[in-house]
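J.: Before we start, here is the structure in question, set down as C-alpha cells.
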Amino acid sequence: MHIVILVLVEVLIVIGLSRLVGLAFRSIKQPLVIGEIVAGIMLGPSLFGLIAPHAAVTLFPPETIPYLNVLSQVGLIFFMFLIGLELNPKYLGGQLEIAILTSHVSILVPFSLGTLLAVVLYPLVSNGTVSFTAFALFLGAAMSITAFPVLARIITENNLQGTRLGTLALTCAAVDDVTAWCLLAIAIAVARNGSIDQQAILTILESLVYIGFMFTVGRWFLKRLATYYRRTGRLSQFVLALIYMAVVASALITELIGIHLIFGAFLLGAAMPKNADLVRELAIKTEDFVLIFLLPIFFAYSGLRTQIGLLNRPELWLLCALVLGVAIAGKYIGTYVAARVGGVNKREASALGWLMNTRGLTELIVLNIGLELGVISPLLFTMLVIMALVTTFMTSPLLEWTYPKKLIRLDVVEPDLEAETVTEVTAGGESYVCPYRILVPVANPSTQKGLLQLAVAISLNYRQPTIVNPLSLIEFEEDYGFESTPIEVDRLITQRHQQLEEVINTLEPPTTRSHVHPIVRISSNVARETAQIAKDEQADLILVGWHRPAFSTNRLGGRVGQILSTAPVDVAVFVDRGGERLENLLVPYSANIHDDLALILALRLLINRDTCMLQILQVVSENQVKDELSYELHTMMGQLPKSVSDRIEIKTIEAPEPIQAVVAASEKVDLTIAGTSRAWGIERQTLGRYTDELAIQCRSSLLITRRYSQVTSHLASVLSEVNPQSPAIR
C-alpha cells in the first residue's frame, strides 16, 4: 500500500507541474507539449535530482518506476490510437505529387545523414552491446521523424490550414508519418534480432501481413461499427468497451509479432472509418483522460531517464551540437530542395522546411523505444531529447520569421478578408479612398446582435465607403485536442461563419448587410490577436462588448482590459442594456482625449441618423470654470451643417458628484458615450484599481471610449462630404 500511495503522490505532482509549465510555455507562443516535456525533465536527475538528491530519491524511489512505466505505456497505446484515428485520408488530397516527393526526400536526406552520423557516434556513445546496423537504423529513424500532431496544431494556430503551405505541410507530414513508422518498425525488428537475419525478415513479413489484414478484414468489421453508429447516432459504453478492447488486442498482436505495442494501436486508429461524427465522439471521449492523466506520466518517466549531467565535457556538448545540426540540416535541406524542385516558391519552401523539423512527442516515443531496447545509450538518449526539444521549440518563431501572418492573409482567398477600396476619378487620374473600418470582436454571435447593430450605425452613412468586420476568434487550450485538428477546425470555422451570417441577416436596414464581412480565425491569445488584426486591417475603431471577467468585478478587466491597454487603434466598449433605439445620445464631457473620442463618435452617429439628438453634458463643481472643447472638436463643430448642429444641446450643471449627475441624466437617453477617465470612475491606465462605477450604475446602454492617437479623426472625410465648402480636417 505504501508504494501505491507514493505512486499516487507522484502522479499528483506530475500532472500539476506539467500543467503549470505547459501553460508557461503557451504564454511564450510554444506548444503546450514542450512545457510538459520540460516539466518531466525537471522532475528527473537533470534538475530535481541535482538540487535535492535526497528528496528526489525519497519521492521517486526506484521501486515506483515500473508502475510509472506501466501507466505511461497504457497512455502511449491510446495516444497512438488517437494519432491513427486523426490521420484522415483528406490530408492526402492536397498537391499529392509534390507532397510525396517532398516527404520522401525529407526522410531520405536526414535518414542518410543519420546513418553517416552513426559512423561517428557508434564508437563514442554506443554501449557496445548493440549491432551497428540496429544503431544506424534507429539514429536514421530518429533524424527522420516529423511529429504530425504537433505540426497540425502549429498549422491551425497560425491559421495556415486554408493556405497552399498549410495543405502541403499536412500532406507531407501525413506521408512522412506513415513512412517513418514503417522505418521504425524495421529498425525495431532488426534491433530485437541483432541484425538483418532470417528472423528479422520474418518479423517484417508478419508485420506486412497484419497491416494487410487490418486494412481488409479489420476494416470490414470497423465499417459495420460505423453503420451501427449512423443508425443509433451515439457511442454507447458497450461499443466503446469493444473498441478499447480492440485497441489493446491490436497492440498485443504487434508486440507478439516482434515490433512494438504502439504500432497495433496506431494501425487500429488508422483503419477506423473516418465518419466525422464517430471520430469526433470517440476522440473526445478518449483524449481527456489520456492527455491530462496518462501522457504527463510518460513525460515524467522520460524525464527520469534524461540525464543532462552526463554531458559533462565540452567534447560531449560538441557531439550534441553535431546531432542537433545534422537533424536540422537534414530535414530543412531535404524539404527545401524537394519543394523547390516541385515548383514551390522560396518563402513557402523555407517555411515548409521549418515545419517539417517539428519532432515533439513523436520523437520522444521513438527515443524511449530505442532506450528500452538498449539500442541507444542514456547519453545519446539525452542528446536526442535535447534535439527534439530544440527543433520543436524553434519551429514557431522561425515560421513567423519566414512566413509572417500578414503574408498568410495574402495566401488564402476568403471573402471576409478581401480589402475593399473605392475608386475616385480625379483630374489627375485614379485615387483610392481607404474605407472607414470597424473591427467588432464577437465572442457569442447569438447574443451580440446589438453590438453589430451599433457598429453599423456608427460606420454607415452612404457618404463614405465602410466596412464592419465581426471578428470571431476560436481559442483552443489543448495542443492535442481533437477539436484543434485541421479538419475539425475547418468545420468549426464554417459553423461560426454560418452563425455570424445568421446574425448579419437580421441587421436593419437590409441594405447595411453588404458592408458587414465576418473574419473567423484560430487564436492562442484573443487580446493579442485582436490587436494584431486591427493593425493589419488598418481598423479605425475596435468596438468590443462588455463581459464580466471570471476573477474580477471590474467590467473593464480581463480580455476587454487587455484590448483597451494594448490595441494600437481607438477602442470603444459597449455595455448593452437591451434597448434598440438610438434616438437620444448623452456625452458627459470633461476635456480629455478619451472624452473627445466619445464626442466624435456621437457626432458621427448624429450625422448618420437624421432623427438622432445629442446632449453634451459638462458637470462642474462650485466656482469651477467649465471645460472648453479641444481645438479639433471646436473646428469640427464649426463645420457641421445647421441640420446637424440644431440637434445638439450643450448643457452645464453644477454637482458635487459628477458620476451621479451623469447617472441621473442617463435615465432619459438611449445611449451614453463616455471616455475612460477618473471623472467617470473608468480609467484605463489603472484598470482594476478604480471601480467601473459608471458602467455599473448607468441607466442607459453605455459606450466607453479609449483614444489611441490624437492624430486620427473619425469625422474628417464625413464632414468634407456633408459640408463640401469646408476644408477637411486630417
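Read-outs throughout are calculated quantities, based only on the coordinates presented, and are distinct from any laboratory measurement. Just so it is clear, the model here is predicted, and its values are computed rather than measured. So basically every Cβ, Gly included, is an ideal-geometry build from the backbone, and we count neighbours across all protein chains shown.
J.: Determine, from the Cβ-Cβ distance of Asp646 and Arg577 and an R0 of 30 Å, the FRET efficiency 1/(1 + (r/R0)^6), rounded to the nearest 0.05.
T.: 0.60
J.: Between Met613 and Phe221, how many nm apart are label points set 7 Å from Cα along the C-beta direction?
T.: About 7.9 nm, to one decimal.
J.: Considering amide H positions built from the backbone, and no H for Pro or chain starts, which residues 5 or more places from Gln307, or on another chain, come under 5 Å of its amide H?
T.: Correct list: Thr382.
J.: Give the separation of the Cα centroids, region 5-23 to region 439-469, in Å.
T.: 46 Å
J.: Compare the Cα positions of Ala534, Leu703, Val125 along the charge dipole of the chain (+1 at Cβ of Lys, Arg; -1 at Cβ of Asp, Glu; about the Cα centre) and return the one farthest towards the positive end.
T.: Val125
J.: Hey, another quick one. Report the calculated FRET efficiency for Ala249 and Ile65 (r = Cβ-Cβ distance, R0 = 25 Å), to the nearest 0.05.
T.: It comes out at approximately 0.40.
J.: In square nanometres, what is the average projected area of the Cα convex hull of the chain? Walk me through the numbers before you get to the answer.
T.: On the way: hull surface 156.9 nm².
Over all viewing directions, the chain projects a mean Cα-hull area of 39.2 nm².
J.: Using the Cα centre of the chain as the reference point, and only Cβ charges (+1 on K/R, -1 on D/E), how large is the resulting charge dipole? Debye, rounded to the nearest 20.
T.: Charge dipole of the chain: 780 debye, to the nearest 20.
J.: What is the Cα coordinate range of region 2-409 on the first, second and third principal axes, sorted by size from largest, in whole angstrom?
T.: 59, 55, 52
J.: What size of dipole, in debye to the nearest 20, comes out for region 2-409 about its Cα centre when the only charges are +1 on Lys and Arg C-beta atoms and -1 on Asp and Glu C-beta atoms?
T.: In debye, rounded to 20, region 2-409 gives about 1260.
J.: Between Ile696 and Ile653, what FRET efficiency comes out of the Förster formula 1/(1 + (r/R0)^6) with R0 = 30 Å and r the beta carbon distance, rounded to 0.05?
T.: Here the calculated transfer efficiency is 0.90.
J.: As I understand it, the dipole of the chain uses +1 on the Cβ of Lys and Arg and -1 on the Cβ of Asp and Glu, about the Cα centre. Which of Leu473, Ala241, Ala200 lies farthest toward its positive end?
T.: Result: Ala200, furthest along the dipole toward the positive end.
J.: Moving to a separate point now. Hey, what do the phi angles of region 329-343 turn into as Karplus ³J(HN,Hα) couplings, whole Hz, using 6.51/-1.76/1.60 and θ = phi - 60°, x for Gly and Pro?
T.: Values, residue by residue: 5, x, 5, 5, 5, x, 5, 4, 5, 5, 5, 5, 4, x, x Hz.
J.: Mind checking which of Thr163, Ala180, Ser72 is farthest towards the positive end of region 2-409's charge dipole, using Cβ charges of +1 (Lys, Arg) and -1 (Asp, Glu) about the Cα centre?
T.: Value computed over the given set: Thr163.
J.: A follow-up question, please. Report the extension gain between Leu322 and Met394 in nm, rounded to one decimal, defined as 0.36 nm multiplied by the number of residues separating them, less their alpha carbon distance.
T.: 24.2 nm
J.: Right, something else. Can you compute the label reach from Cys182? Point 7 Å from Cα along the Cβ direction, backbone N cut-off under 19 Å, restricted to region 231-257.
T.: Counting backbone N atoms under 19 Å from the label point, the list is 254.
J.: What are the residues whose amide H is under 5 Å from the amide H of Met613, where those residues sit 5 or more places off or on another chain and H is modelled from the backbone?
T.: Result for Met613 returns Asn584, Leu585.
J.: Let me ask something additional. Specify the inter-centroid distance of region 63-116 and region 218-252, based on alpha-carbon positions, in whole Å.
T.: If we compute the Cα centre of each part, the gap is 23 Å.
J.: Once you put a point 7 Å from the Cα of Lys535 and another 7 Å from the Cα of Ile201, both along the Cβ direction, what distance in nm separates them?
T.: Each label point is offset 7 Å from its Cα along the Cβ direction, giving 6.2 nm.
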